[in-house]
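Structure, as structure tokens:
The values are calculated or read from the model by the stated rules, or taken from the named source; none is laboratory data. This one's a predicted model, so the numbers in the text were calculated from it and none came from an experiment. All Cβ positions, even for glycine, are placed from backbone atoms using ideal geometry, and neighbour counts span all protein chains on display. These accessible areas exclude ligands, DNA and RNA; they are computed on the full protein's heavy atoms, side chains included. Shrake-Rupley method; radii C 1.70, N 1.55, O 1.52, S 1.80 Å.
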Amino acid sequence: MGDIANALDKLDALEEQWDANQSDVWGISSGFPSIDHLTGGFHPGEVFVLGARTSHGKTALATQMMFSVVHQIALDSREAGYQTGQVLGFSPEMAAHMLMLRQASVISKVPSSVIRTGQATEVQRDAWDRAKRLLRLYDPYVVLKAQGDMSVQEISTLVETKSKANGIETKLVVIDYIQYLTSAAGRDNSYEQVSNVTKEVKDMANHLEIPVLLLSQLNRKAAQSQDDESEDVPELHELEGSGKIEARADTVGLLWRPNRVTDQPDSEAQKALLRIGKNRNGPVGIVPLYYYPDLTRFRDPDHPE
């Protein structure tokens, strides 16, 4: 059987899934219906780049997306009676226990600040403990790695090793963020480094047939405007190494919080926006979100929880 026949057989199988599903989400849901409406979710072989200026929440949004996929895997596994998948997360910038701190806050809706200062009420402590018990149930479905200067080849090898060792499919790889990765081609100048890494990430996604959520900083010039309350909508060219990142990515989402003043604990929601600036297989557009600084939590205002 030739390449075209193989590709068409795979397309036939996908069409059967799509017909049975009949949903905006023809991949794996991000957990945010308004984002899925534009992107269709995460798709095998595709790279979703999430870019933002410093402290605008890209790690928080990516972590919520990651654990939404983990939650879906846990539910599917319970229904099937066996483990149906896993998620791999790489975050050289943040230790695994700090990711747990953030996610426990998201789930419990209890600010981590009251936990860290020992000022949680009995009700808050109960909610926090319930969130941690839930997170423990996710343990088989997620692998977290927090180390600097990882190469794409090391990540690819780990994904293959984890999958082959127990026969469990990797549903999503999350990398926070691209500027921390090293290339097999070695270190050149910053632009060449990012270009090489971006190519290797896309090659990995294609070779392993997995979706990759890849985070990226915006360039320094863009970051300089972040104190301006009327700062401009971020553009694709503001991605560091933007030419190659944009070219290799299947989807690019640019996150920002207009009129952002502070990240101090605040119970009031702040306006956030995610601009889908490139979408190889769908429309582009702007998705409104709410952000809660005290919980490092995003919410889709058009789809109540």
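Counting DSSP beta bridges in the chain, what percent are antiparallel, to the nearest 5? Walk me through the numbers on the way to the answer.
Details: 18 of 42 bridges.
Around 45 percent antiparallel, to the nearest 5.
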Treating only Lys and Arg (+1) and Asp and Glu (-1) as charged, each at its beta carbon, one finds that the chain has a dipole about its Cα centre, in Debye to the nearest 20, of 840 debye
Accessible carbon and sulfur surface of the chain relative to its total accessible area, %, 1.4 Å: 48 percent
Size of the stretch 1-128 as Cα extents on the principal axes (Å, biggest first): 65, 38, 26
Sparse-neighbour loop sites [chymotrypsin sites (Phe, Trp or Tyr not before Pro); the stretch 1-93; at most 15 other C-beta within 10 Å; DSSP]: Tyr82
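Given the Cα atoms of the chain, and with Rh set as the inverse mean 1/r over their pairs in the Kirkwood sense, what is Rg to Rh to two decimals? Walk me through the numbers on the way to the answer.
Working: Rg = 19.3 Å, Rh = 20.2 Å.
Over the Cα atoms of the chain, Rg/Rh equals 0.96.
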Can you return the lysines within cross-link range of Lys109? Criterion is Cα-Cα under 17 Å, with same-chain partners fewer than 8 residues away left out. Lys132
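Can you give the charge dipole size of the stretch 101-160 about its Cα centre, rounded to the nearest 20 debye, using +1 on the beta carbon of Lys and Arg and -1 on the beta carbon of Asp and Glu?
340 debye
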